[in-house]
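Written out below as structure tokens is the structure these notes cover.
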């Protein structure tokens, strides 16, 4: 089986950087070429410029990525591939019966999950690895677990079994406290499917599955649950959209429509990477330092507060926030980085500079290091990639080291298919 990959919602190439252990010396990109990325797609609908696409193609070549609305792409024209990867938005996945066809169903327009589902149907890739925010497992708030249930049923209808796990990167030695759910699907035609389903659900989750092998968990058995999402319980996706409600824990698997979910804990990690480890040790530009006149505002933003507010109907309530470290502690991993990083807001990191001892925000290179990209990865020639956009790209990205570990294990899985 060939080690070929299609990358959807490619961003600046986080999956490719991880799978191929990419390095960059400031001039040339070097890939280990463990995997052949045969097609990629990146298109940002909310902006006229395409900074992420520009970065991807400047680093990997002008023909390495397609900049087109994935909803307009004929999925049958996508090259055949062994692994489909992508990090996609957490949206409203609700479905309804089509007004034009009583037997058909339709998803909410613009929701990117349905584009993935179309690729599954058209191309049937043997393996799928996806990344999303962990709140996916409990969305929407009015019907907990419905959205993930719809996803699992789509996988089931296309012949897949699924394993998932919420991974906090910092708990496994990486430099950021970033919690994301990773979803691994494997088609029933694969040898991996035939072998792994011989194990019990607990064995898959606790010892033998892709996540347990690469991100070990404690053997302590905590809370668990199970349910059935097959046609025996829900005839169509519409039925799931209207009636499925289930509490997903942070790990689990689905085989033949039976869902098993477990609350798990990571093993203790002694080898941590801290925020201090990724800071630049040379003198940085003075523009990153906090101005004296803004210190009061920063102190307020980072501090605890209880503010009286009024709702539109006149009802009053109190908005509360706890105190954050100011400056950020350098002996622990970085907090979750958001797209607003470096702007004057509560979530931005503020550090004590290693050279001057003064307070400052992160540099773009430090933001890249927190996500484990090569230094200056987003420092490209395109004018679309402003410095503000560089931070935005990293706030949207994934932790490359997590993907690298999974990619290496997927190599073994694919090699065993032959």
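Throughout, read-outs are computed from the coordinates displayed, never taken from laboratory work. Treat the numbers as computed from the prediction; the structure is a model and nothing was measured. Positions of Cβ are generated from backbone atoms using ideal geometry, with glycine treated the same way; all protein chains shown enter the neighbour counts.
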Using Cβ counts within 10 Å as a stand-in for footprinting exposure, how do 410, 301, 295, 84 rank, fewest first? 295, 301, 84, 410
If one takes the longest principal axis of the Cα atoms in the chain, at what angle in degrees, from 0 to 90 and to the nearest 10, does the Cα axis of helix 146-157 lie? 50 degrees
Between the stretch 384-406 and the stretch 159-181, what is the separation of their alpha carbon centroids in Å? 16 Å
Counting DSSP beta bridges with both ends in the chain, the antiparallel % (nearest 5): 75 percent
Which of rounded, prolate, oblate describes the stretch 128-174, given a ≥ b ≥ c as roots of the alpha-carbon gyration tensor eigenvalues and a/c under 1.5 marking rounded, otherwise prolate only if a/b is larger than b/c? oblate
Measuring from the longest principal axis of the C-alpha atoms of the chain, the long axis of helix 51-60 (C-alpha) lies at a number of degrees, nearest 10, equal to 80 degrees
Please find, in a Gaussian network model of the chain (springs between Cα atoms separated by less than 10 Å), the residue of 299, 363, 274 whose mean-square fluctuation is greatest. 299
Mean residue ellipticity at 222 nm from the helices of the chain, using -39,500 (n - 2.57) per DSSP H segment of n ≥ 4 over the full residue count, to the nearest 500 deg cm²/dmol? -7000 deg cm²/dmol
Residue order, fewest to most beta carbons within 10 Å, for 171, 366, 28, 68: 28, 68, 171, 366
Rg and Dmax of the chain, Cα atoms, in Å? 22.4, 69
Could you list 27, 408 in order of exposure, starting from the residue whose Cβ has the fewest other Cβ atoms within 10 Å? 27, 408
Taking 8 Å as the Cα distance limit and 6 or more residues as the minimum spacing, I'd like the relative contact order of the chain as a percentage. 18 percent
Springs between alpha-carbon atoms under 10 Å, Gaussian network over the chain: tell me which of 162, 365, 73 tops the mean-square fluctuations. 73
Yeah, the stretch 130-225 with a ≥ b ≥ c from its alpha-carbon gyration tensor (a/c under 1.5 is rounded, else prolate when a/b outruns b/c, oblate otherwise) is oblate
Considering the alpha-carbon set of the stretch 275-371 alone, what are its Rg and its Dmax in angstrom? 15.7, 54
Radius, Kirkwood style, for the stretch 237-324 when every pair of distinct Cα atoms is counted (Å): 20.1 Å
Relative contact order computed over the stretch 275-371 (Cα-Cα under 8 Å; 6+ residues apart), in percent: 33 percent
What is the extension gain from residue 226 to residue 63, computed as 0.36 nm multiplied by their sequence separation minus the C-alpha to C-alpha distance, in nm to one decimal? 54.2 nm
Could you check which residue among 134, 331, 292 shows the biggest mean-square fluctuation in a GNM of the chain with a 10 Å Cα cutoff? 292
What's the center-to-center distance, using Cα atoms, between the stretch 262-328 and the stretch 336-382 in Å? 14 Å
Correct semi-axes for the stretch 1-85, from √(5λ) of the alpha-carbon gyration tensor and rounded to whole Å with the largest first, are 20, 18, 9
Going by alpha carbons, how many degrees (0 to 90, nearest 10) lie between the helix axis of 292-302 and the longest principal axis of the chain? 40 degrees
So what's the gap between the Cα centers of the stretch 1-77 and the stretch 217-235, to the nearest angstrom? 35 Å
